Each structure stands twice: as C-alpha cells, then as structure tokens.
Amino acid sequence: MSSNIEPAVTEKIENLRNALHRHNYQYYVLDDPEISDAEYDRMMQELIALESAHPELASPDSPSSRVGGIPLDKFESVAHSVPMLSLDNGFNDSDILEFDKRVRKNLGLPPRSQATLREQKGNVADELLYTAEPKMDGVAVELVYENGRLVMASTRGDGVRGEVITSNVKTIPSVPLLLNQENGRKIPSRVEVRGEIFMKADRFRKLNEERLRMNLSPFANPRNAAAGSLRQLDPRITAKRPLEIFLYGIGRITDLEFESHWDSLQALKGLGFRINPLIRPGITIQDTLDYYKELSEKRHNLPYDIDGMVIKVDNLLFQSQLGATSKSPRWAIAYKFKAVQETTRIMSIDVQVGRTGALTPVARLEPVNVGGVMVSNATLHNEDEIRRKDIRVGDTVLVQRAGDVIPEVVKVIGSKRTGAEQIFNMPQTCPVCGAEVVDRDEAVSRCNNMNCPAQIKARIRHFASKRAFDIEGLGDKLVEQLVSRGLISSYADIFNLDKENLQRLERMGPKSAANLINAVEASKKITFDRFLYALGIRHVGENVAGILADKFESADKLCSASLNELTAAEGIGPEIAQSVRHFFEQDENRKTVARILDSGVEILFEAKPENRPLEGKLFVLTGSLEGMTRSEAQKMIEAAGGKMTNSVSRNTDYLVLGKSPGSKLARAKKLGIEIIRESDLDKLIKI
Ligand SMILES: NC(=O)c1ccc[n+]([C@@H]2O[C@H](COP(=O)([O-])OP(=O)(O)OC[C@H]3O[C@@H](n4cnc5c(N)ncnc54)[C@H](O)[C@@H]3O)[C@@H](O)[C@H]2O)c1
Ligand SMILES: [Zn+2]
C-alpha cells in the first residue's frame with residue numbers, strides 16, 4: 001500500500017518545500033510577498049503535518065526546520081553568539097493548551113486535570129507561569145552593546161548569521177546609543193538584546209501614499225515597510241523612515257543574573273530600552289487565553305500592527321531545561337490572530353453612488369475567506385487611488401479587512417499579470433441617473449443631480465441606520481422599493497408612510513407593515529446628536545454631530561448659527577462650519593427639518609454632568625448579572641455618564657461582580673480596584 005502513496009506524498013512535500021523557499025525569498029529578500037501570510041502559514045502547516053506523518057521524509061533543509069530569513073549579500077554578515085530563532089505557531093486555544101502539556105511533560109511536571117485548569121484561572125500560585133506579550137509584526141534585530149555603547153546591530157538572517165545594519169539602526173530614535181547607568185550601578189560589559197523594529201500604522205499609510213505619488217509600488221504592510229527601510233544601503237534613507245523599537249528578550253548579558261524572563265525585561269527597562277507596556281507577567285496558561293482575547297479586541301485600536309500573542313515560560317531555569325529545536329525555542333509559542341490579508345482576483349469594477357453623490361469604484365472579487373469572513377467586494381476609494389495602485393480588472397490582488405472597516409485592496413501582485421488585464425476608467429455620466437459627473441473636490445467625482453435616485457436612497461438608508469434614527473426593518477431592499485415606487489422621495493417622508501401603501505409592496509404582509517410603522521413610531525424620540533448625524537450633512541459624522549449637539553441646545557439655534565459661532569466650538573473647523581451653514585441655508589433642507597419635527601419627532605437633550613453621577617467613571621463587568629443583560633447594564637452606566645470597558649486596568653474604577661466571575665476578579669483584587677455587586681450599581685446611579 002505505502003509504495004502507492006509514497007510518490008504522491010514525496011512530490012507533495014517537494015512542491016511545498018520549493019514553494020515555501022520561493023516565498024521566503026520574496027518575503028525576506030525582496031520584501032515583496034506574493035501571497036498573504038495566512039496562505040504561507042497554511043502551506044507551512046500542511047508541510048509540517050505531512051512531514052510528521054512521514055518522518056522518513058524529514059530533511060534538515062526543509063523550510064519547516066529552518067529559520068526562514070536569508071542574509072542579503074549586499075550587507076556584511078555577522079554570527080549571532082546565541083542563535084536568533086523563530087517561534088512555533090498556534091492557531092486556536094487547544095494548540096496553546098497542548099503546548100502547556102508538552103512543556104509540563106518536558107519539565108517532568110505532573111499533567112493538569114481540566115478541573116485544576118479551571119481553578120487556576122486567575123491563580124498566580126502555580127509552579128509554571130507564563131509571560132504573555134503582543135506579537136509585534138515587525139522585523140527582529142539584535143543589538144550589541146559594549147561597555148554601554150551600541151557597537152553592532154544585525155538582522156536575524158538565517159538565525160545563525162545576520163546582516164550588519166548598525167548605521168541604519170542608529171538612525172532610529174528609540175534605539176539607545178548609550179545605556180543608562182541606574183543608581184550608579186556598573187553597566188554590564190557586554191549586552192546582546194533582541195527586539196522588534198516596526199512602523200506605526202498611520203506613518204506606514206503616509207509612506208505608502210508618498211511612494212504611490214512617486215510611482216513606486218506600495219509596501220504590502222507595515223512589516224514589509226519596516227524591513228525594506230532597515231535594509232537600505234544608504235542610512236539617510238532609513239533615517240527618513242519612521243521606525244521604532246520594542247525590546248522583548250535577551251541573547252546574552254554579562255555580569256547579570258536573572259531568575260525570570262520578566263525580571264530580565266525589567267532590567268532592560270532600567271538600562272534604557274523600550275519595553276511594550278502591554279506585556280503581562282506571571283500568569284497561568286488559562287489566563288494567557290483571556291489575554292489573547294483582550295489583545296484581539298484591542299488589536300485594531302493599537303497604533304501599530306500585532307499579529308498575535310507570544311507566550312513564554314517565565315522561569316529562566318525552566319527555559320534552559322526546555323531548550324530549542326533548530327527552528328524555535330521549546331519554551332515559547334506564538335498564538336496567531338485570524339488573518340487580515342488574503343490574495344484573490346478582481347473580476348470587475350463597479351461604481352456606486354453615495355448620499356453626497358460621490359462615485360466610489362468597488363472591486364468585485366472572487367470570494368475569499370479573510371479571517372473567517374467571506375469577502376467579495378472591496379472599496380477602491382476613487383479613481384486616483386486606482387491609478388496610483390495601478391489596479392486593473394483581472395489583477396491578482398492582496399485584500400485586507402481590519403475590524404469593522406470595509407475591505408480594501410492593498411496592492412496588486414505584479415508578478416501575476418498576464419497582459420490581459422483591463423484598465424478602468426471612471427464613467428463620465430452617473431451610472432444611475434445619467435447626470436453629468438463633476439470633479440467637485442480633490443479626487444472625488446460626483447453625480448451632479450441632487451435628485452439622483454441613488455443619492456436619495458443612500459440618504460434614506462443613512463437616516464434610518466443604526467447610529468442615526470435606528471429604524472428596525474428599514475433595510476436596503478425596502479428603501480429600494482419605497483423609492484422606486486415613489487412612496488418616499490426624502491427622509492422626511494418616512495414619517496408619513498401608511499400601512500395601506502406599505503402592504504401593497506412585495507413581500508410585505510399586514511404584520512410586517514405594522515412592524516415597520518411601529519419601528520418608525522419608536523424612532524421618534526431621538527437624541528440631538530443622532531438627529532444631526534442622521535441629516536447626512538457633509539463632514540458631520542458622529543463625532544462632529546456630538547460636538548454640535550453639546551454646543552447648540554436646539555435645532556433652531558444650530559439652524560441660525562453664524563460661521564463664527566460654529567467655529568467657536570472646539571473641533572469645528574471652517575470646512576465643517578461652512579458645510580453646516582450651507583446645509584441650513586438651503587430652503588429645501590430647512591423645510592425638511594421642519595417637516596420631520598412636525599411629524600412628531602422629539603429631540604431628547606442629554607442630561608448635563610450634574611445629572612450624571614457616574615461621569616468619567618470606568619466600569620468592568622465580570623460574570624453574568626441577574627436583573628439585566630450586559631448591554632442593559634452598559635446603557636444604564638452610560639446614561640449616568642460612566643463607561644464600560646472589557647478589561648480591568650489601573651484606570652478601572654469599579655468591577656461589577658456577576659455570577660461565576662472570570663479572571664477579571666483576581667486582576668481587580670490585585671490592582672486594588674473597588675468591587676461592587678449588581679445592587680450597588682443601582683444605588684450608585686440613584687445618588
Ligand atoms: N507572505 C509570505 O510570502 C511569507 C513568507 C515568509 C514568511 N511569512 C510570514 O512570516 C512568518 C514567519 O516568520 P518568522 O519566522 O519570523 O516567524 P514569526 O514572525 O511568526 O515569529 C518569530 C518572530 O516574532 C517576532 N516577535 C514579535 N514579537 C515578539 C515577542 N514579543 N517575543 C518574541 N518574538 C517576537 C520576532 O521577530 C521573531 O523573530 C510566517 O508565519 C508568515 O506569517 C510570509
Ligand atoms: Zn446620479
């Protein structure tokens with residue numbers, strides 16, 4: 001039997017190894033990957049699975065058993081006195097629990113039962129503790145200091161030898177050139193430390209915009225940008241790139257002894273190195289899983305990219321007992337986040353008309369699963385963006401989805417071009433109403449017809465959307481029908497809809513008609529900020545609406561506010577003020593607002609701070625409440641001026657204790673945060 005399978009398996013393994021070698025080259029040498037990291041990781045996992053099922057086919061040259069980097073010839077190379085390794089990867093909770101089992105077994109510690117695992121949540125009296133850290137998505141470097149002075153900086157290279165990039169690294173402001181002498185203590189004579197050099201996301205975006213303007217191909221992500229910037233022959237170029245560093249470990253250090261990884265990080269801090277403040281020391285394996293969840297939520301709000309969590313056995317004696325394979329230490333593992341980037345193909349480019357008439361080109365993609373969500377459309381923003389990125393119909397592209405943001409095309413994979421790709425041109429007339437398309441400002445083309453059905457529909461959809469009037473049931477399809485049947489032509493008409501007319505629509509029985517009428521009725525009590533946001537005034541997003549609502553206490557006052565009065569509010573610039581004035585100067589708009597108010601819409605004004613007893617207080621909830629749901633509690637807290645967040649930090653004021661609390665309880669206790677019960681919450685609010 002096996003002789004039948006072998007050739008196929010051998011070939012498969014061979015193919016995977018070759019492909020991974022090639023992608024390593026694209027990624028590490030050219031800083032220009034052809035596939036997403038997720039695709040690379042999947043190929044690697046497949047290779048590892050095949051190799052472990054067929055140990056006779058293992059090879060020390062396989063990409064699965066070597067650090068992937070390749071030192072570039074254009075730089076001098078240097079040997080690392082302690083190899084710089086990669087990390088094993090985990091992709092789900094059970095990979096991490098498996099890792100813990102392996103570690104315990106290798107250390108000769110007894111296995112843990114499920115019950116003790118649960119008990120140990122938040123318990124720090126465990127013999128095997130971990131440090132959990134954000135996995136910075138940047139480039140690994142080694143820094144060597146002699147007698148406190150930076151003498152050498154190198155890349156990881158193939159793990160054994162790296163490229164010397166000292167002059168480049170010296171241009172990075174957060175890399176200390178001289179070490180701190182703490183309390184007159186002697187500086188160790190030789191310090192070899194490791195860290196990650198990265199570029200913040202906003203700086204990366206700026207850099208890519210600049211590159212596009214100069215007709216250079218954009219970097220796929222901040223990691224590639226950091227790698228490309230570091231490996232410049234001319235350090236003056238590196239100096240212009242906004243690079244930063246966080247240190248995460250020690251290679252070797254003379255004259256100092258540490259017991260734990262965390263201690264060593266503290267010592268590094270003392271020497272003047274930057275350490276990521278999100279690193280959490282001394283936690284159990286269960287708590288690392290909570291930390292992972294926390295990080296996944298925080299991830300998209302951090303100023304830099306992280307691609308997972310790294311956990312490390314904290315005890316350094318344990319670390320040395322565990323040792324390493326040729327590729328990675330046995331005392332650490334990376335728990336990767338779900339992917340944000342994948343590659344796919346653009347099948348066509350359509351144009352959508354928004355509520356301000358802006359034409360947005362949208363790429364129709366071959367559907368692709370990005371981090372668990374199927375993506376089949378991506379915004380291309382505007383024509384300039386398409387030109388700059390040179391995106392054509394038929395191109396293979398890297399697409400990205402981050403948080404709730406609309407997916408976008410990051411870049412074209414140039415090497416996949418066949419020559420059959422089609423260049424896209426923006427239409428000269430509106431694809432919906434046929435009106436002339438004008439370039440009103442910057443790169444945005446607009447349909448010039450206020451009464452364009454596409455614009456009307458988009459305005460109505462916005463008006464009814466969750467953060468505006470929040471009219472349940474008034475979705476895209478229904479708006480489409482209502483407008484095309486002529487039942488509404490402005491958002492003010494929503495309040496005049498009647499049941500008779502509604503029932504005549506497709507798929508609209510008496511019940512759904514009644515539901516919609518009720519939903520419209522229920523939406524009539526609305527806070528001023530939501531009301532303003534719903535109007536769809538240009539440049540008035542939620543934030544600006546909030547500022548205006550605070551400053552002007554009625555629709556009338558805002559309606560008649562002068563430019564000066566408007567710009568007097570903090571956060572309101574001339575452009576916004578102009579746009580608000582322009583909106584209320586139009587007779588049509590004033591009439592529409594009046595009609596909305598006449599149809600029974602009532603603007604609620606938020607309580608001022610004096611009625612908000614929890615103003616500025618931060619709450620965290622753990623476990624389940626009895627009298628209300630989590631979101632009800634949140635609403636209650638927010639109505640009283642407080643805020644609810646997900647994780648306990650030093651800034652937390654109260655932890656609300658529900659039934660079967662999680663690890664947040666232990667953390668709150670550790671930080672000395674006030675712990676209250678559900679009933680106390682009521683009392684606090686009623687003060
Ligand atoms: N798209 C492609 O074609 C392609 C090709 C090659 C590699 N890759 C990507 O690169 C990965 C492999 O790269 P790798 O070998 O550097 O592994 P890795 O990036 O998954 O993990 C090891 C690295 O993590 C970094 N790191 C960040 N924070 C850290 C922390 N707190 N503690 C310790 N280390 C930390 C270090 O630089 C270390 O070298 C792949 O999983 C894939 O995602 C992609
Ligand atoms: Zn139009």
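The values are calculated or read from the model by the stated rules, or taken from the named source; none is laboratory data. These numbers come from a predicted model, not from an experiment. Glycine gets a Cβ as well: all are built from the backbone with ideal geometry, and neighbour counts include every protein chain shown.
Having 3 or more residues that are within 15 Å of ligand 1 (Cβ to nearest atom) and more than 26 Å from residue 94 (Cα to Cα) is the bar; report the helices (runs of 4 or more DSSP H) wholly within region 223-342 that clear it.
261-271
Of the residues making up region 193-215, those that are surrounded by 13 or more Cβ atoms within 10 Å (Cβ to Cβ) and within 20 Å of residue 246 (Cβ to Cβ) are 193, 194, 195, 196, 197, 198, 199, 200, 201, 203, 204, 207. Go through the residues of region 17-27 one by one and say whether even a single one is polar (S, T, N, Q) and farther than 19 Å from residue 224 by Cβ. Yes, region 17-27 contains a residue that is polar (S, T, N, Q) and farther than 19 Å from residue 224 by Cβ. Selection of helices (runs of 4 or more DSSP H) fully inside region 439-532 by the criterion of at least 3 residues being farther than 19 Å from residue 603 by Cβ and more than 16 Å from ligand 2 (Cβ to nearest atom) returns 476-484, 499-503, 510-522.
Among the residues making up region 160-192, those that are hydrophobic (A, V, I, L, M, F, W, C) and either surrounded by fewer than 21 Cβ atoms within 10 Å (Cβ to Cβ) or assigned to a loop (DSSP other than H, G, I, E, B) (or both) are 160, 164, 165, 172, 175, 177, 178, 179, 187.
Run down 667, 590, 630 and say which single residue is basic (Lys, Arg) and assigned by TED's automatic domain parsing to the domain that holds residue 459. Let's see the steps before the verdict.
On the way: 667 fails: assigned by TED's automatic domain parsing to the domain that holds residue 459; 630 fails: assigned by TED's automatic domain parsing to the domain that holds residue 459.
From the options 667, 590, 630, the qualifying one is 590.
Given the structure, is residue 333 of a type in the set (A, V, I, L, M, F, W, C) and within 15 Å of residue 99 (Cα to Cα)? For residue 333, the condition - of a type in the set (A, V, I, L, M, F, W, C) and within 15 Å of residue 99 (Cα to Cα) - is met.
If the requirement is being in contact with an Asp or Glu (Cβ under 9 Å, 6 or more places away or on another chain), more than 30 Å from residue 490 (Cα to Cα) and not assigned by TED's automatic domain parsing to the domain that holds residue 496, which of these qualifies: 672, 642? Reasoning before the result, please.
Details: 672 fails: in contact with an Asp or Glu (Cβ under 9 Å, 6 or more places away or on another chain).
Within the list 672, 642, the selection yields 642.
Name the residue that is farthest from residue 391 (Cα to Cα), counting only residues in region 326-359 that are hydroxyl-bearing (Ser, Thr, Tyr) and modelled with pLDDT of 95 or more.
328
The residues of region 413-433 that are out of contact with any Asp or Glu (no Cβ under 8 Å at 6 or more places or on another chain) and within 16 Å of ligand 1 (Cβ to nearest atom) amount to a single one, 414.
Give me the residue from region 193-215 that is in a strand (DSSP E or B) and either among the β-branched types (Val, Ile, Thr) or more than 16 Å from ligand 1 (Cβ to nearest atom) (or both) and, out of that set, nearest to residue 251 (Cα to Cα).
Start the filter on region 193-215 by keeping residues that are in a strand (DSSP E or B), which leaves 193-199.
Next, only the ones that are either among the β-branched types (Val, Ile, Thr) or more than 16 Å from ligand 1 (Cβ to nearest atom) (or both) stay: 193, 197.
Numbers: 193: 5, 197: 16 Å.
Among those that are in a strand (DSSP E or B) and either among the β-branched types (Val, Ile, Thr) or more than 16 Å from ligand 1 (Cβ to nearest atom) (or both), it is 193.
Among the candidates 405, 362, 397, which residue alone is buried (at least 21 other Cβ atoms within 10 Å of the Cβ) and not assigned by TED's automatic domain parsing to the domain that holds residue 133?
Working: 405 fails: buried (at least 21 other Cβ atoms within 10 Å of the Cβ); 362 fails: buried (at least 21 other Cβ atoms within 10 Å of the Cβ).
Step by step, each of 405, 362, 397 is checked, and only 397 is buried (at least 21 other Cβ atoms within 10 Å of the Cβ) and not assigned by TED's automatic domain parsing to the domain that holds residue 133.
Of the helices (runs of 4 or more DSSP H) that lie entirely inside region 1-108, those containing 3 or more residues that are within 16 Å of ligand 1 (Cβ to nearest atom) and out of contact with any Leu (no Cβ under 9 Å at 6 or more places or on another chain) span 2-24, 37-53.
Residues are listed down the side, and each one gets a yes or a no for (1) exposed (fewer than 15 other Cβ atoms within 10 Å of the Cβ); (2) modelled with pLDDT under 95; (3) out of contact with any helix residue (DSSP H, G or I) (no Cβ under 7 Å at 6 or more places or on another chain):
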| site | (1), (2), (3) |
| --- | --- |
| 68 | no, yes, no |
| 82 | yes, no, yes |
| 85 | no, no, yes |
| 90 | no, no, no |
| 100 | no, no, no |
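Of the set (1) under 29 Å from the mean Cα position of the chain (by Cα); (2) touching a residue at least 60 places away in the same chain (Cβ under 8 Å), all apply to residue 60 but (1).
Just checking, does region 312-325 include any residue being out of contact with any Gly (no Cβ under 7 Å at 6 or more places or on another chain) and closer than 27 Å to residue 222 by Cα? Looking through region 312-325, at least one residue is out of contact with any Gly (no Cβ under 7 Å at 6 or more places or on another chain) and closer than 27 Å to residue 222 by Cα. Against the conditions (1) in a strand (DSSP E or B); (2) farther than 30 Å from residue 286 by Cα, residue 583 satisfies every one except (1).
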